[in-house]
1. I'd like to know if the range 104-120 contains one or more residues that are touching a residue at least 40 places away in the same chain (Cβ under 8 Å) and under 30 Å from residue 451 (Cβ atoms).
2. Just checking: which of the strands (runs of 3 or more DSSP E) contained wholly in the range 269-379 hold 1 or more residues that are within 15 Å of the chain's Cα centre (by Cα) and not assigned by TED's automatic domain parsing to the domain that holds residue 398?
3. What single numbered condition from (1) part of a loop (DSSP other than H, G, I, E, B); (2) closer than 20 Å to residue 415 by Cα; (3) under 31 Å from the mean Cα position of the chain (by Cα) fails to hold for residue 145?
4. Can you name the condition, by its number, that residue 139 falls short on among (1) at pLDDT 95 or above; (2) surrounded by fewer than 17 Cβ atoms within 10 Å (Cβ to Cβ); (3) assigned to a helix (DSSP H, G or I)?
5. Would it be correct to say that residue 416 is surrounded by 24 or more Cβ atoms within 10 Å (Cβ to Cβ) and in a helix (DSSP H, G or I)?
6. Name every residue in the range 159-194 that is in a loop (DSSP other than H, G, I, E, B) and more than 18 Å from residue 425 (Cα to Cα), in order of residue number.
7. Quick check on the range 154-169. Is at least one of its residues under 15 Å from residue 336 (Cα atoms) and in the same structural domain as residue 186 (by TED's automatic domain parsing)?
8. Check whether at least one residue in the range 360-368 is farther than 24 Å from residue 152 by Cβ and surrounded by fewer than 20 Cβ atoms within 10 Å (Cβ to Cβ), and report yes or no.
């Protein structure tokens, strides 16, 4: 980011314009960076001069020594003044740099028409489409130039909320609201087994690819939280521990990245691959009136997350590998989906490109987000002071990437709608059955409605 700022600020301005941000901030930061470098040069020169005077004092005698002592005192005062100015400019420059988003944007990031959040770039699977949603399904696919094969059904699947609570009798959001408020839930029996199986499935697949399994802290200090996300913009979305500088994590990505704050990592040790398992806590601020039924948009859920630390020249390759990992999981679950390239104006400051995986939801007749996969370039590493060291001793900020593998409650909603049968029973995806087999009370093939238990 600093290299672009110094060598091609016009390019950076174009990046900000594509994001819908004010590009004039670049001129301010370029000026601050220039003044900061000048102040650093003056300070270094004055310190060198002061040290030379100090060394000469030891060899001087008489009047010469008296003159050098006076000059040393003057140089020390000058150093103190320059240090104060350098410190002031360092603070201003860092605050300004923190306002910049991850740069440069990937050249293929779409600039979308107003009202669009992303552009689909590929579809997978054969969606089950209720005849009443057929026209809507075609709009969701053909408007982007895709012809997606589908299976038409003459019965309308129940939404996941009604299926879980009224048909299966395995969820309860009303009692949860009594205990904790809106957007909380109770899951019972087979849906709990399904939650566990989804986590085991994702962890099994990713650790086989070399990802190191981690349970991170479920709380983070504010100082480090500011390094992984724009906390001031995000503050209404996360829970703070009253009276302490601690926040409940909204994703394991955040503590997984922060664990290497202020560290230098040898290039031979990179990439670092982590798969985090944790609960996630989100206020879902701004989601009032949306997805109020069921467990799609809730304040707590379990998630398996991929996180990668890479050398800068390898990060775009890793971005593709992370979304491929997620796609392999959803293909194994046999749930139709599409991959959406998120528009520049919707990326948020920490991502230079983001893919969403959206699963087809037969009861809703549309695709819904299940996975988010981002390349943050050096945005997080710069803020947290995470550097690489090459074999020749050169240093720089490494790149960080993250991607959902499985968010269990959302995955359960997709299973309840895609694996639902006309009689209300729900098939257990074949790929999950081996993870349930060792447990005598876990469902093996079907989750039956309460009336048939």
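The values are calculated or read from the model by the stated rules, or taken from the named source; none is laboratory data. These figures come from a predicted structure and were not determined experimentally. When we count neighbours, we look across all protein chains shown, and the Cβ atoms used for this are built from the backbone with ideal geometry, even at glycine.
1. The answer is no, given that none of the residues of the range 104-120 is touching a residue at least 40 places away in the same chain (Cβ under 8 Å) and under 30 Å from residue 451 (Cβ atoms).
2. none
3. (2)
4. Tallying (1) at pLDDT 95 or above; (2) surrounded by fewer than 17 Cβ atoms within 10 Å (Cβ to Cβ); (3) assigned to a helix (DSSP H, G or I), residue 139 fails exactly one: (1).
5. So residue 416 fits the description; yes.
6. Passing the criteria: 181, 182, 183, 184, 185.
7. no
8. Taking every residue of the range 360-368 in turn, none turns out to be farther than 24 Å from residue 152 by Cβ and surrounded by fewer than 20 Cβ atoms within 10 Å (Cβ to Cβ).
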